[in-house]
Amino acid sequence: MDTIQLTQVDLIREAFHYQSRFEGSTMVFKIDCPITDDPHFSSLMKDMALLAKTGFRVVIVPSAKERIDSVLRKYGIVSDYYEDMRITTPEAISFVEMAAFHVATRFMTLSASRVDAIIGNFIRARGLGVINGVDMQHTGAVDKVLLDSLERALKQGMVPILPCIGWSPVGKPYNIASDEIALSIASALGAIKLFIVSIDGCLKAGMYDMPESVDSDENGRVIKLSPHEAERILAANTDRARDTRLKSLKVGLMATKAGVERAHIVDGREEGAILKELFSNMGAGTMLYADEYEAIRALHNADIPDVLRLMEPFMQNGALLRRAPEAIQEKKDDYVVADIDGSIRACAALHDWGERQAEIAAVATDPSFTAMGLGRRIVNYLIKKAAKKGFERVFVLTTTTQDWFEALGFKEASVETLPARKRQSYNRQRNSNVFALNIPYSP
């Protein structure tokens, strides 16, 4: 398929689409501690300030593990662990507080971009107590999100920052995992997105055992995952339970199960990663989606301008015959589109020519989405549709995409094998190649 790059106007349209869709919504950002020492940290803060000023409700949950480790080593305090949880002793808790709030203050640099931020006690904690005979001491869990206080801060346009410390009703401090805080906050606020901003970034194909249904781009980045696919990846890689990317995946999966529409795993060291992930379909990280992110569906009248815009480059270079809006309207029931997040990214049609043969035509895909295999998916969708309708054969006429259709199982055929009606309308001057696929009958 021809490669046609998104224009600057297309990118602007895409950004405005997402800005209008998510404006006023709540997004929680759980950010790894080492990112605060990265050269791109100041750019990350500017991007988050931009989101807050643009109308998004931003909440930050900084991880402080590495800073806590450093402070405890400095003062000669050894941490023991139960599974992945630090056992926080009475001797250590004051130093844990100091480290956690030190990391949190790094995020106050939002004020440099004229955005007010507040480090607050928005979590009521409870102790974990004794687990399987192990006293967790000052290690705790979220008992309650103090939602009223948090909402007041957000309504005033502030960015709340929540260190990994919570207090019991009697004022006892507890060290709480930042993952748990982020999940609790996202659920309590009804956040539509949880960003896991890590030092490792997105999942990559080849690193793990993955289902065949998982797609990756040319660089191996896993673009999106359904909760079912995420569960299968975690189940297939249990021997790597301590892998940080898989831990991020587990948190993202828990978020979708807690009602968060989407969880995004991005590399906090990549310039503009959050903005690219938020304001473009292809993004920059790995997205877990709980809602219907991608669907192949029937064409709606309102889709016709978008379909024509999608087809225009291919009509210009001769790969597709030129079609007028009226022609598409007349055959509207023949068309299907791939709708990704409210944007049309691929289209195709299935035309009945009689003699139990159907033509797959008008196949066009947004080149930015070739890594997702949308063209292949929409053609396979139409093949299955043809089988259900009782067609015995589907065919295509093509001048430039023979190899692509051959890869889908189509075989070269002659014009004489076409249905009589199609032979009569065949354009000898265009001299398109015929490729066909025999399909079993499935009533």
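The values are calculated or read from the model by the stated rules, or taken from the named source; none is laboratory data. Keep in mind it's a predicted model, so treat the numbers as computed, not measured. Neighbour counts are summed over all protein chains in view; Cβ atoms, including those assigned to glycine, are modelled from backbone coordinates with ideal geometry.
Test GLU229 against the criterion of being of a type in the set (D, E, K, R) and out of contact with any Ser or Thr (no Cβ under 8 Å at 6 or more places or on another chain), and give yes or no. So GLU229 does not fit the description; no. For the range 207-218, filtered to residues that are modelled with pLDDT of 85 or more and closer than 23 Å to GLY268 by Cα, the residue that is surrounded by the fewest Cβ atoms within 10 Å (Cβ to Cβ) is MET207.
Looking only at residues of the range 386-420 that are of a type in the set (Lys, Arg) and loosely packed, with under 14 Cβ neighbours inside 10 Å, we find that the one that is farthest from the chain's Cα centre (by Cα) is LYS411. Among the residues that make up the range 38-60, is at least one of them modelled with pLDDT under 95 and more than 29 Å from GLY157 (Cβ to Cβ)? No, there is no match, as no residue in the range 38-60 is modelled with pLDDT under 95 and more than 29 Å from GLY157 (Cβ to Cβ).
Residues considered: LEU382, LEU437. Of these, the only one that is part of a strand (DSSP E or B) and either surrounded by 17 or more Cβ atoms within 10 Å (Cβ to Cβ) or among the basic types (Lys, Arg) (or both) is LEU437.
Condition test on ILE383, is it closer than 22 Å to MET315 by Cβ, out of contact with any Asp or Glu (no Cβ under 6 Å at 6 or more places or on another chain) and in the same structural domain as MET315 (by TED's automatic domain parsing)?
Values: closer than 22 Å to MET315 by Cβ: no; out of contact with any Asp or Glu (no Cβ under 6 Å at 6 or more places or on another chain): yes; in the same structural domain as MET315 (by TED's automatic domain parsing): yes.
Here the answer is no, as ILE383 does not meet what is asked.
The helices (runs of 4 or more DSSP H) found wholly in the range 226-297 and carrying at least 3 residues that are modelled with pLDDT of 90 or more, assigned by TED's automatic domain parsing to the domain that holds LEU189 and crowded, with 22+ Cβ neighbours inside 10 Å occupy 244-257.
Condition test on ILE176, is it within 21 Å of THR54 (Cα to Cα) and modelled with pLDDT of 90 or more? No.
Within the range 189-219, which residues are within 15 Å of TYR289 (Cβ to Cβ) and not polar (S, T, N, Q)? ALA191, ILE192, LYS193, LEU194, PHE195, ILE196, CYS202, LEU203, VAL214, ASP215 - these are the residues of the range 189-219 that are within 15 Å of TYR289 (Cβ to Cβ) and not polar (S, T, N, Q).
Remark: pairs (first residue in the range 415-438, farther than 20 Å from THR401 by Cβ and touching a residue at least 40 places away in the same chain (Cβ under 8 Å); second residue exposed (fewer than 14 other Cβ atoms within 10 Å of the Cβ) and charged (D, E, K, R); Cβ separation under 7 Å; 6+ apart in sequence or on different chains) are absent. The residues listed here are ASP366, ASP334, ASP339; of these, the one that is in the same structural domain as TYR426 (by TED's automatic domain parsing), free of Cβ contacts under 8 Å to residues at least 40 places away in the same chain and among the acidic types (Asp, Glu) is ASP334.
In the range 53-79, what count of residues is obtained for those that are touching a strand residue (DSSP E or B) at 6+ places or on another chain (Cβ under 7 Å) and either of a type in the set (Lys, Arg) or assigned to a loop (DSSP other than H, G, I, E, B) (or both)? Summing the residues that are touching a strand residue (DSSP E or B) at 6+ places or on another chain (Cβ under 7 Å) and either of a type in the set (Lys, Arg) or assigned to a loop (DSSP other than H, G, I, E, B) (or both) in the range 53-79 gives 4.
Going by the conditions given, is LEU128 of a type in the set (A, V, I, L, M, F, W, C) and closer than 25 Å to SER25 by Cβ? For LEU128, the condition - of a type in the set (A, V, I, L, M, F, W, C) and closer than 25 Å to SER25 by Cβ - is not met.
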